[in-house]
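Reading through the structure tokens given below for one structure.
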Amino acid sequence: DAIYEVAPIIDGVLVDMNEFLQRLKRNLKSICIDLPYTQDELIAFLKELISKNKLKEGGLYMQVSRGVTSRDFAFTKDIKATVMAFVYEAMIEKNPLATSGVNIIFVPELRWKRRDIKSTSLLAQCYAKEMVKKAKAYEGFFVENSYITEGISSSAFIIKNKTLISKPLSNEILLAIRRGKILRYAKEFGLKVQERAFTVKEVYEADEVFISAATLPILAVVKVEDKLINNGIVGEFSKKLRERYIKGMKEEASINKTL
């Protein structure tokens with residue numbers, strides 16, 4: 001059993017750092033794992049990892065497992081957690097998919113009921129991604145009782161009549177870091193915001209659909225199953241929100257470089 005985290009790296013700097021640390025601590029606490037480092041020690045370790053790899057743009061993956069002990073399903077006490085991390089290259093700012101948009105399919109919701117915990121138990125997601133691959137799509141939206149929960153490895157959003165709609169936080173979806181910032185940025189562009197569940201039918205009828213994830217600040221969805229969204233063109237607000245998010249990331253990276 002383990003918790004994992006992913007964070008973007010821009011200009012050689014880990015961004016969304018505060019949110020990354022808050023969610024990591026929350027998830028570790030939720031399954032009773034103690035991080036064997038202070039926060040300052042962990043940050044220093046991650047900065048060194050980025051520096052040694054000379055990574056300018058990409059992502060950081062970190063995993064904290066309970067530790068080494070005899071096999072048992074129950075939580076074992078008084079053992080030291082094992083921490084592993086690596087970094088990888090990814091095109092964040094100039095991802096060509098930001099211009100072309102992506103296609104998605106719907107997949108049945110197969111996951112357990114504590115989806116807010118970012119655990120490494122990802123068999124359902126792997127199974128769903130294989131369905132996406134066979135359909136020659138980019139991503140899938142999990143569907144439960146005709147409602148969208150979230151993307152397989154992303155958060156799901158729709159825009160209708162200048163209203164951004166996002167499923168509210170609960171145990172049914174991941175506490176996504178990008179989501180909170182996107183909701184704030186939406187208001188800067190005059191969009192109303194509704195935090196509510198939305199249906200498969202609403203996705204088909206949306207003016208715009210987009211996804212977000214750690215190294216995918218925002219990617220527009222231009223095709224859902226066989227239905228084009230916005231005539232297969234990246235929408236106005238998807239583009240604006242992406243540009244605003246990347247601007248915020250670069251500003252944060254610039255500030256953190258001096259710290």
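The values are calculated or read from the model by the stated rules, or taken from the named source; none is laboratory data. As the structure is a computational prediction, the values presented were derived from the model and not from experiment. Here the Cβ positions follow ideal geometry from the backbone for every residue, glycine too, while neighbour counts run over all protein chains shown. Accessible surface is based on the protein model in full, side chains and every heavy atom, while ligands, DNA and RNA are left aside. Shrake-Rupley method; radii C 1.70, N 1.55, O 1.52, S 1.80 Å.
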(request) Can you work out which of the residues in the range 1-43 that are among the small types (Gly, Ala, Ser) and out of contact with any Phe, Trp or Tyr (no Cβ under 9 Å at 6 or more places or on another chain) is most open to solvent (accessible area, probe 1.4 Å)? (result) Ser30
(request) Enumerate the strands (runs of 3 or more DSSP E) found wholly within the range 192-259, keeping only those where 3 or more residues are surrounded by fewer than 17 Cβ atoms within 10 Å (Cβ to Cβ). (result) 192-195
(message) For the range 180-191, which positions are modelled with pLDDT of 95 or more and either part of a loop (DSSP other than H, G, I, E, B) or closer than 19 Å to Ile152 by Cα (or both)?
(response) Ile182, Phe189, Gly190, Leu191
(message) Tell me whether the range 8-18 contains one or more residues that are under 22 Å from Tyr245 (Cβ atoms), polar (S, T, N, Q), out of contact with any strand residue (DSSP E or B) (no Cβ under 6 Å at 6 or more places or on another chain) and in a helix (DSSP H, G or I).
(response) yes
(request) Please state which one of Lys29, Lys80, Lys54 is without any contact (Cβ under 8 Å) to a residue 60 or more places away in the chain and touching a Pro at 6+ places or on another chain (Cβ under 9 Å). (result) Lys80
(request) Identify the residue in the range 49-62 that is out of contact with any Leu (no Cβ under 8 Å at 6 or more places or on another chain), outside any loop (DSSP other than H, G, I, E, B) and open to solvent by less than 90 Å² (accessible area, probe 1.4 Å) and, among all such residues, is farthest from Ile79 (Cα to Cα). (result) Gly58
(request) Among residues belonging to the range 105-160 that are over 20 Å from Phe210 (Cα atoms) and of a type in the set (Phe, Trp, Tyr), point out the one that is surrounded by the most Cβ atoms within 10 Å (Cβ to Cβ). (result) Tyr127
